[in-house]
Amino acid sequence: MYEAYWGLKEKPFENTPDPRFLYHSPQHDEALSRFIYVVREEKGAGMLTGVFGCGKTVLGRALCNALNKNIYQIAFVNNPHLKSVELLRAIARQLGAENLPEKITEMSSDYFLEVINNILVNNVKDGKETVVIVDEAHVIDDIDVFEELRLILNFQFEDRFLLTLLLMGQPELREKIRKNKQLAQRIAMGYHLDPLSQEETWGYIAHRLEVAGGRSSIFTEQCLKPVYENSGGIPRRINQICDMSLVVGFDKKADKVDERIIQEAVEALIL
């Protein structure tokens, strides 16, 4: 709609987990570095928490891109609000298992655990590593689901885990994990993402505009304060405000996005 008007090749502020748009703030780089360490050093399990919209999912996708696909087989579960057997089936399916039961009445945790274990062992024989990423893990309410996740970490040889489990979710995930002491003891490393600072917010906007083929000068520097104040430094909110601002600026045939356009954009949104 507005891309050509602003000299953009694509929309820069879409709320999709495209790793090209990952802004490498110090904390995002540290989180990614820690996750890569947990995976490559076969530490068993790691956990990433942060408020909604702070970039956990895009960071998880960036991790997937950073891992050699010839070496790592990855299961990425983005909706874990399932029964325990359904979650195990989702993991098995993403790891390549076929002809799995579809009806709840035909499902068995023992069966799916055996299927997953066979996949893990075969991967090791083939020189491959296995990674299971569970996004939005804070929505898990069933303790049986956490128990099944703990059980798949029991798949190991004497000297190594057969997979790496990475849990990502909002801050309440930490308390849920603490209540499952056996699972908590398996978390080798955790990290919490905070909202961006005001300075990082400007860097974030400039980065996304650059990836989309544009220039940061589309936004005046005076825009930064109202964007930051209304977004709280949360990337998802920054995207909403900036995207709407580009729409408003396009409608007004503005040369740049200024404070007045930002204010109009904010008033048009439900934040």
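The values are calculated or read from the model by the stated rules, or taken from the named source; none is laboratory data. Not measured: the values here are computed from a predicted model. Glycine gets a Cβ as well: all are built from the backbone with ideal geometry, and neighbour counts include every protein chain shown. The protein model used for the area step is the full one, side chains on, heavy atoms only, and it has no ligands, DNA or RNA in it. Shrake-Rupley method; radii C 1.70, N 1.55, O 1.52, S 1.80 Å.
Just a few scattered comments:
- Failed item in (1) more than 19 Å from residue 211 (Cα to Cα); (2) crowded, with 21+ Cβ neighbours inside 10 Å; (3) not hydroxyl-bearing (Ser, Thr, Tyr), with residue 68 passing the rest: (2)
- Among the candidates 20, 61, residue that is open to solvent by 20 Å² or more (accessible area, probe 1.4 Å), touching a residue at least 40 places away in the same chain (Cβ under 8 Å), charged (D, E, K, R) and closer than 21 Å to residue 93 by Cα: 61
For (1) within 30 Å of residue 192 (Cβ to Cβ); (2) of a type outside the set (A, V, I, L, M, F, W, C); (3) modelled with pLDDT of 95 or more; (4) outside any loop (DSSP other than H, G, I, E, B), each residue gets a yes or a no:
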position	(1), (2), (3), (4)
79	yes, yes, no, no
85	no, no, no, yes
99	no, yes, no, no
110	no, yes, no, yes
131	yes, no, yes, yes
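- In the set (1) of a type outside the set (Asp, Glu); (2) modelled with pLDDT of 95 or more; (3) part of a loop (DSSP other than H, G, I, E, B); (4) open to solvent by less than 50 Å² (accessible area, probe 1.4 Å), the condition left unmet by residue 11 is number (4).
- For segment 176-217, the set of residues classified as in a helix (DSSP H, G or I) and closer than 30 Å to residue 129 by Cβ consists of 176, 177, 178, 181, 182, 183, 184, 211, listed by residue number.
- Residue match in segment 133-141 (condition: crowded, with 20+ Cβ neighbours inside 10 Å, in contact (Cβ under 8 Å) with a residue 60 or more places away in the chain and part of a loop (DSSP other than H, G, I, E, B)): yes
- Within the option set 255, 251, 243, being touching a residue at least 12 places away in the same chain (Cβ under 8 Å), acidic (Asp, Glu) and more than 19 Å from residue 50 (Cβ to Cβ) holds for one residue only, 243.
- Checked against the criterion of being in contact (Cβ under 8 Å) with a residue 40 or more places away in the chain, surrounded by 15 or more Cβ atoms within 10 Å (Cβ to Cβ) and under 30 Å from residue 127 (Cα atoms), segment 210-227 has no qualifying residue.
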